[in-house]
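The values are calculated or read from the model by the stated rules, or taken from the named source; none is laboratory data. What you see is a predicted model; the values in this text were computed from it and never measured. FYI the Cβ positions are ideal-geometry reconstructions off the backbone, even for glycines, and counts take in every protein chain you see.
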Amino acid sequence: MAGSTRYMRYILIAFVALVVIFFISASSSESRVPGADRVHSATEMLKGQGNSLWKGASSSSATSSDAGTVPAGKDSLASDAKSSPAADAVKPAASHHSSASSAAAPHASDHSTTSPNPYSGSLGGQNSLTSDTAPGPRMNATFVTLARNSDVWEISRSIRQVEDRFNHRYHYDWVFLNDADFDETFKSVTGALTSGRTRYGKIDKEHWGFPEFIDQDKAAKVREDMHERKIIYGDSISYRHMCRYESGFFFRHPLMMEYEWYWRVEPSIELFCDINYDTFQFMAENNKKYSFVLSLYEYFETIPTLWDSVKGFMKEHPEHIAKDNSMGFLSDDGGMTYNHCHFWSNFEIGNLDWLRSDAYIDYFNHLDHDGGFFYERWGDAPVHSIAAALLLPKDQIHFFNDIAYYHVPFTHCPTGEKTRLELRCHCNPKDNFDWNGYSCTKRFYELNKMPLPEGYEKEQ
Ligand SMILES: Nc1nc2c(ncn2[C@@H]2O[C@H](COP(=O)(O)OP(=O)(O)OP(=O)(O)O)[C@@H](O)[C@H]2O)c(=O)[nH]1
Ligand SMILES: *[C@@H]1O[C@H](CO)[C@@H](O)[C@H](O)[C@H]1NC(C)=O
Ligand SMILES: [Mg+2]
């Protein structure tokens, strides 16, 4: 009796142990599925749209990075350049071909017993890479990414997608900016992934910090208050420096002074379609200065007095306001109030000389001195968007329907099946945000009298 009870107990314990092991392995393999957690958080954030977190004046909105501008002295700009030749050129322009082909053909030199693949020899690999490169001259352009060392793996995902969908044919430079020194891991990993030259810059303290006209106590109280009201990034100092830097300084970094065009890339983005033409050249040839893929309503709590500041600027500098501007995109009452529409600035292809123009610098300085980057939490998305809408004629702003893009929690998937198939897109058209009530893109179409793309009704 005692023997069989013990026997039963052993079986029971063994069974329980097996069940426990099964659940542990099942849950850990699930959490290893790449992207699974991202999908969850995106879904949650989309759901969150409906509740108070994202409620704006007329609807919900999402955050984005943004910032403001302060004119910076020439010398502080110069001291920003932290581009030692060694760090600048991690990879000479041609070397990636040879390293790629040697990595792809490890069997070429040894006598393996398996039959060789005639298409993957080192010469073949090199040729196919070379012929993949788009012919013709390149624009004076670069990718630009603001990032911390800890962002290395998330920015790597973005780089991989940009390279696969576009840059493997163009090899444009990539400038990385950081308020701290980039470490060796960051430089070697990003350098290995890019097909163009990589350059790493450190941001000058004067461009990343509190300007002297900001009352620190007042700013601290605001952060406390926003923290209590659970406003996203409301208590963050670094987020505010980031927004102000993106609004007013990135285009004046000494490394960026060497270029005319930029394409901003953030960590963890996705590109879903091939981009088979030079987008920078497109901008230049069509006289575009600013572009977007997603637009939406800003979270009101972060910008209560932004529009007052903009109105102050318009009064002070009427000469900077473009005649055929896009005020209709920003305001439903001729400029009295702001409807919170903005272009989402985590994606931007734009002209750096425009951002460096007197008009933009006067605009940034005016906003910066009103203090809202610190006394509120102004984002660079509304700051850039309002500038583009007011300082540029409306035909200089471009909507890239064909660039399919994701940044948590929103997706732009091109409207029109023909486009999606031609460009080998892998986004689900159901995820497209454009014709959702929280998007401002329809408003952009109407303002510019553009015919809505075929099939848009099905996505509403
Ligand atoms: N060097 C540096 N980069 C930063 C800092 N904070 C943010 N960034 C970068 O600035 C950009 C915008 O920051 P995000 O945290 O993505 O802001 P967001 O897009 O509004 O919010 P998320 O939904 O979290 O992506 C990203 O490229 C970040 O890597 C910082 O303190 N230092
Ligand atoms: C690229 O643009 C920058 C900024 O406009 C300019 O200073 C620089 O000379 C240009 N480089 C070339 C090669 O044209
Ligand atoms: Mg981001």
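Name the residue, out of Phe210, Phe143, Phe182, Phe186, that is in a strand (DSSP E or B), modelled with pLDDT of 95 or more and surrounded by 15 or more Cβ atoms within 10 Å (Cβ to Cβ).
Checking each option against the conditions leaves just Phe143.
Quick test for you: out of Phe292, Phe250, pick the one residue that is over 21 Å from Ser326 (Cβ atoms), crowded, with 22+ Cβ neighbours inside 10 Å and of a type in the set (A, V, I, L, M, F, W, C).
When all the criteria are applied, what remains is Phe250.
Could you please find all residues in segment 451-460 being over 26 Å from the mean Cα position of the chain (by Cα) and in a helix (DSSP H, G or I)?
Scanning segment 451-460 gives Glu457, Lys458.
Rundown of residues vs (1) more than 29 Å from Asp333 (Cα to Cα); (2) assigned to a strand (DSSP E or B); (3) not β-branched (Val, Ile, Thr), yes/no style:
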| site | (1), (2), (3) |
| --- | --- |
| Asp402 | yes, no, yes |
| Tyr406 | yes, yes, yes |
| Thr411 | yes, yes, no |
| Lys418 | yes, no, yes |
| Asn436 | no, no, yes |
| Ser439 | no, no, yes |
| Glu446 | no, no, yes |
| Lys449 | no, no, yes |
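Would you confirm, using the coordinates I've provided, whether Gln216 is at pLDDT 95 or above and within 30 Å of Leu423 (Cβ to Cβ)?
The answer is no for Gln216.
Give the residue that is nearest to ligand 3 (Cβ to nearest atom), with candidates limited to residues of segment 397-438 that are of a type in the set (A, V, I, L, M) and touching a residue at least 40 places away in the same chain (Cβ under 8 Å).
Val408
Report those strands (runs of 3 or more DSSP E) wholly inside segment 221-313 carrying at least 2 residues which are of a type outside the set (D, E, K, R), more than 16 Å from ligand 2 (Cβ to nearest atom) and in contact (Cβ under 8 Å) with a residue 24 or more places away in the chain.
290-292, 295-297
For segment 161-182, indicate whether the set of residues that are among the small types (Gly, Ala, Ser) and either in contact (Cβ under 8 Å) with a residue 60 or more places away in the chain or away from ligand 1 (no atom under 12 Å from the Cβ) (or both) is non-empty.
no
Identify all residues within segment 304-360 that are closer than 21 Å to Lys449 by Cβ and aromatic (Phe, Trp, Tyr); write none if there are none.
Phe329, Phe343
Among Gly196, Gly201, which is under 26 Å from Ile237 (Cβ atoms), within 16 Å of ligand 2 (Cβ to nearest atom) and touching a strand residue (DSSP E or B) at 6+ places or on another chain (Cβ under 6 Å)?
The unique qualifying residue is Gly201.
Does Gly191 satisfy being within 24 Å of Phe280 (Cβ to Cβ) and touching a residue at least 12 places away in the same chain (Cβ under 8 Å)?
Answer is yes for this residue.
Among the listed residues Asp353, Asp274, identify the single one that is out of contact with any Gly (no Cβ under 6 Å at 6 or more places or on another chain), closer than 22 Å to Leu177 by Cα, more than 16 Å from ligand 1 (Cβ to nearest atom) and of a type in the set (D, E, K, R).
Within the list Asp353, Asp274, the selection yields Asp353.
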